[in-house]
Structure formats: C-alpha cells, structure tokens
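Peer 1: Handing you a structure now.
The values are calculated or read from the model by the stated rules, or taken from the named source; none is laboratory data. Because the structure is predicted, anything quoted here is derived from the model rather than measured. Cβ placement follows ideal geometry from the backbone for every residue including glycine, while neighbour counts extend to all protein chains displayed. Please note that ligands, DNA and RNA were not included when accessible areas were found on the heavy atoms of the full protein model with its side chains. Shrake-Rupley method; radii C 1.70, N 1.55, O 1.52, S 1.80 Å.
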Amino acid sequence: MNNYTFKIYTSVENLPNDWDVVAYDNVFLQTQYLNVLEKSAPVNMQCFFIGIFEETKLIGIALAQYLNLNKLESFGERDKCLKTSVRNFVFKNFASHVLFLGNNMITGQNGYQFKKDISFDEIGKLLLLCSEEIISYFKKQKTKIHIVSFKDFYQDCANELKTNTFSTIYEFNTQPNMIFKIPSHWKTKEDYVAAFSKKYRDQYKRAHKKIEGITVRELSLEETIKHENRIYDLYYYVAKNAPFNTFFLAKNHFSTFKKQCGNRFKIIGYFKNEDLVGFHTILLNGNTLETYFLGYDEKVQKESMLYLNMLYTMTEFAIENNFGRIIFGRTALEIKSSIGAKPVMMSGFIYHTNSLVNKFLPKIFPKLEPTLAWQQRHPFK
C-alpha cells in the first residue's frame, strides 16, 4: 500500500497539528467536533481518532467508535412486538460489543477524509487494518468485539469498495438518508412556499396557523446551560420512543457542543408561555446544513404540529442563508418528503467476528431490521 501507515489516538489533544487541514471541509471530522465527542460522548461509547500518513505526512483521517450495548437501559420503546424482542435479545447476547468505522451518531459519509487522491482499494484496506488494531486493543482488555461495521457510504463509493477490499463483507442498506437539494434561485421563504402545489401550500399555512402563540428563538450558550435539564428531557422523550437506539446522549452534550462550535452550532428553542416545549439543532457544515438532534413535549407537538414546523424552520434558514442542501437523516421519512426532502440510499458493510455467525449474517441481519412502510410525497408543482 505504497508508504501508507496509520496511528490511532484516544485523545484530541494528541492529534497532529495539521489534522484540521485535512478535515477542512467536514466539520464532523474537525477537532472542534471531536472535542464534543471526547467531552460528552454517550456513556456507552468510546471514540478513536485515526491519522493516516504517507511516510511522515498526514494525508488522511478517520473516526471509529466502540459501543457497549450492555450499558443501554433500552434500545427504544416505540415498537413492542415479538420481532423487536428477538432483535433486542440478539443484540444483548451476541452483538453487544460493536465497533463502527464512521460516526454512528449522524447520517452521512462522515467517517474519513483524505487530502490527496487515494484508491478505494487502499481506503478499504486501511479501514480494515484500523479495525483490526482496535479489535486487538480491546482483546488486551479482555473485551471481545462481536460486530464490525463500516458505516454510511453513498452508492458510488459503496460500489467501488464492494468491487475491491469489501467484496466478501456483507453490504446492508437501512432507511435512506433524506436530503433536500435547494434550487439555487430560491432566495427567500416566499420562493419556497410559491413552489408548493396547492395541497402542500395549504399544509404549510395550516401548520403555521397551529404554531401561533409559540415563540421561536435561537438560544445562546448561557440560555442553553440554563435550560439544559429541560432540553435533555425533551430530547430523551423523542429518543426513547424511536424504533431503535444504540446510544443516548450525555446530559451535557448540547451545552458542550455549543461551547466547542459556537455559532456553527445553533439550538432553536420553542417557547409557550415562557416554558421550553421543544427545540431543534442544526450544524453549519460548509455548503451543507446538517440537522442534528431535537426534542419536544408530546402534547404541544400534537396541538401545534411542532415537528412539522421545525422542518419548515430548518428549511427556511437554509434557503435564506444560501445553503445548497440539507441533510435531514433517516427518521420520519414521509413527513420529511412532504417538505421537499428526497431519499438517498446509503450502504454500510458489516461482519461478525464469529465466522459461523458471519456466514449466516445475510440471512440474520434483514430479520433484525425494523420494517418500515412509507409513501414518498411530491410537494412541488
């Protein structure tokens, strides 16, 4: 592999000085964000930061995350059925120690970055070697890694990896990433609303009517700290009612994020009679607006169409601040398509370190995935 080597770090302060030069166009690999992970990662997560060198020069970086699912109180409480119970049993007993090459907390191809052209064959080999070294690290601590997953590749990258190093590793597709590519001629929210067909323009008006009486404003760091417990409670309600979770954020996560990233990370609060009833977060990532975690009071959400209004607010912010696209992630696919986002398939690669289990993974894995039926909406004329 030419003269490529790598080094694995467990602390951001030890990273090479030119780390951010390599990570220049992806905030999720920059040290500001990596500090957020180090200071406020989920309690069942440990992060590893990988430097890839050509001789002595840093030319690539990557992120890995270890998750101990035994530390989770719940995998998610929304779907209570036999299939869910079986899935939870399998994860707890046969796949509780999981290593991700990539970022399991977000959706998108944010696992690695290079500042020079490097073949997909070499990328795949480097990621495999990194995973093997981290597996050895845990083995020395008497912890056996069960599952290794290489997370979130767009289809062109996945196809290249599949024809090279990852040819024998099981490729999986879960729910699509909902992405809104914003037309360049839209400059105001009025341009956005004017593009709707009548049905969806009426939906927009109805949603805005429902939210009357609720004040929407960006929270400063001081306000974030002041409302930290309430923010976490609102987040936790939504997270625990998701169909499947492998982590829960630390209670100081949002204030830590705001401290580290400043104005690049925005927390938007929704207040009713001065009570915080909801919030959403966004991260400015170059030309891309990344949606992050949110939370809401379920009663107010139903009365005021709070979640739908949050999606509109994020979209209008992106349009009026000249972003090219919004990454909305994998949840609530149908409602996100109703405001303009479209599904983009992403692939991951996964293997079990037990060769017998790994042999049957193509049969086992699809049965563990929550089934989802949804109808894509087409809101524009």
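Peer 1: Considering only residues that are in contact with a Phe, Trp or Tyr (Cβ under 9 Å, 6 or more places away or on another chain), of a type outside the set (Ser, Thr, Tyr) and either farther than 30 Å from Cys261 by Cα or modelled with pLDDT under 95 (or both), which ones fall in the range 195-224? Please lay out each step first, then the result.
Peer 2: In the first step, residues of the range 195-224 are kept if they are in contact with a Phe, Trp or Tyr (Cβ under 9 Å, 6 or more places away or on another chain); the result is 195-197, 200, 202-204, 207-208, 211, 214-217, 219, 224.
When the remaining residues are screened for being of a type outside the set (Ser, Thr, Tyr), the result is 195-196, 202-203, 207-208, 211, 214, 216-217, 219.
Those that are in contact with a Phe, Trp or Tyr (Cβ under 9 Å, 6 or more places away or on another chain), of a type outside the set (Ser, Thr, Tyr) and either farther than 30 Å from Cys261 by Cα or modelled with pLDDT under 95 (or both): Ala195, Phe196, Asp202, Gln203, Ala207, His208.
Peer 1: Now, a different point. Say whether the condition of being part of a helix (DSSP H, G or I), aromatic (Phe, Trp, Tyr) and surrounded by fewer than 22 Cβ atoms within 10 Å (Cβ to Cβ) is met by at least one residue in the range 315-328.
Peer 2: Within the range 315-328, the first condition is being part of a helix (DSSP H, G or I), and the residues that meet it are 315-320.
If we keep only those that are aromatic (Phe, Trp, Tyr) as well, we get 317.
The next check asks that each one be surrounded by fewer than 22 Cβ atoms within 10 Å (Cβ to Cβ); those that pass are 317.
Yes, that holds for at least one residue.
Peer 1: Further, regarding this structure: Quick one: count up the residues across the range 201-249 that are farther than 15 Å from Tyr296 by Cβ and under 18 Å from the mean Cα position of the chain (by Cα).
Peer 2: So the count comes out to 7.
Peer 1: Could you look through the range 107-159, keep only residues that are of a type in the set (Ser, Thr, Tyr) and in a loop (DSSP other than H, G, I, E, B), and pick out the one that is nearest to Ile52 (Cα to Cα)?
Peer 2: Narrowing the range 107-159 to residues of a type in the set (Ser, Thr, Tyr): 107, 112, 119, 131, 136-137, 143, 149, 154.
This time we only want the ones that are in a loop (DSSP other than H, G, I, E, B), so: 107, 119, 143.
Working: Thr107: 23, Ser119: 14, Thr143: 26 Å.
Going through the qualifying residues, I end up with Ser119.
Peer 1: Here are some conditions: (1) open to solvent by 20 Å² or more (accessible area, probe 1.4 Å); (2) within 13 Å of Phe247 (Cα to Cα). Ile8 meets all but one. Which one does it not meet?
Peer 2: Condition (2) is where Ile8 drops out.
Peer 1: Additional query: What's the number of the condition Lys151 fails, among (1) modelled with pLDDT of 95 or more; (2) open to solvent by less than 70 Å² (accessible area, probe 1.4 Å)?
Peer 2: Against the list (1) modelled with pLDDT of 95 or more; (2) open to solvent by less than 70 Å² (accessible area, probe 1.4 Å), Lys151 comes up short only on (1).
Peer 1: Can you name the condition, by its number, that Thr281 falls short on among (1) open to solvent by 40 Å² or more (accessible area, probe 1.4 Å); (2) within 22 Å of Lys266 (Cα to Cα); (3) polar (S, T, N, Q)?
Peer 2: The one condition Thr281 does not meet is (1).
Peer 1: Quick one: count up the residues across the range 287-300 that are out of contact with any Phe, Trp or Tyr (no Cβ under 7 Å at 6 or more places or on another chain), of a type outside the set (A, V, I, L, M) and farther than 18 Å from Thr315 by Cβ. Give the derivation first.
Peer 2: Of the range 287-300, the ones out of contact with any Phe, Trp or Tyr (no Cβ under 7 Å at 6 or more places or on another chain) are 290, 292, 297, 299-300.
Next, from what is left, pick out any that are of a type outside the set (A, V, I, L, M): 290, 292, 297, 299.
Those still in the list that are farther than 18 Å from Thr315 by Cβ too: 297, 299.
Number of matching residues: 2.
Peer 1: Let me ask something additional. Quick one: in the range 348-381, which of the residues that are within 26 Å of Tyr112 (Cβ to Cβ) and not hydrophobic (A, V, I, L, M, F, W, C) is modelled with the lowest pLDDT?
Peer 2: By that ranking, first place goes to Glu369.
Peer 1: Restricting to helices (runs of 4 or more DSSP H) lying wholly in the range 160-257: which have 2 or more residues that are of a type in the set (Lys, Arg), touching a helix residue (DSSP H, G or I) at 6+ places or on another chain (Cβ under 7 Å) and surrounded by 13 or more Cβ atoms within 10 Å (Cβ to Cβ)? Before you say what the answer is, go through the steps one by one.
Peer 2: Working: elements: 189-194, 198-210, 221-226, 228-240.
Because the criterion is at least 2 residues that are of a type in the set (Lys, Arg), touching a helix residue (DSSP H, G or I) at 6+ places or on another chain (Cβ under 7 Å) and surrounded by 13 or more Cβ atoms within 10 Å (Cβ to Cβ), the helices (runs of 4 or more DSSP H) in the range 160-257 that meet it are 198-210.
Peer 1: Name the residue that is farthest from the chain's Cα centre (by Cα), counting only residues in the range 1-43 that are polar (S, T, N, Q) and in a helix (DSSP H, G or I). Reasoning before the result, please.
Peer 2: Let us first name the residues in the range 1-43 that are polar (S, T, N, Q), namely 2-3, 5, 10-11, 14, 17, 26, 30-32, 35, 40.
Subset that is in a helix (DSSP H, G or I): 14, 31-32, 35, 40.
Values: Asn14: 25, Thr31: 17, Gln32: 17, Asn35: 17, Ser40: 16 Å.
Filtering first and then ranking leaves Asn14.
Peer 1: Another question about this same structure. Restricting the range 3-53 to residues that are of a type in the set (A, V, I, L, M, F, W, C) and out of contact with any helix residue (DSSP H, G or I) (no Cβ under 7 Å at 6 or more places or on another chain), which is nearest to Glu133 (Cα to Cα)?
Peer 2: Here is the first cut: in the range 3-53, the ones of a type in the set (A, V, I, L, M, F, W, C) are 6, 8, 12, 15, 19, 21-23, 27-29, 34, 36-37, 41, 43, 45, 47-50, 52-53.
Retained after the next criterion (residues that are out of contact with any helix residue (DSSP H, G or I) (no Cβ under 7 Å at 6 or more places or on another chain)): 21-22, 28-29, 37, 41, 45, 53.
Working: Val21: 25, Val22: 22, Phe28: 23, Leu29: 20, Leu37: 21, Ala41: 22, Met45: 18, Phe53: 16 Å.
Applying the filter and picking the extreme gives Phe53.
Peer 1: Only residues in the range 229-256 that are within 15 Å of Val36 (Cα to Cα) and charged (D, E, K, R) count as the first member; pair them with residues that are open to solvent by 10 Å² or more (accessible area, probe 1.4 Å) and not in a loop (DSSP other than H, G, I, E, B), Cβ under 6 angstrom, at least 6 apart or cross-chain, and list the lot.
Peer 2: Lys251/Tyr232
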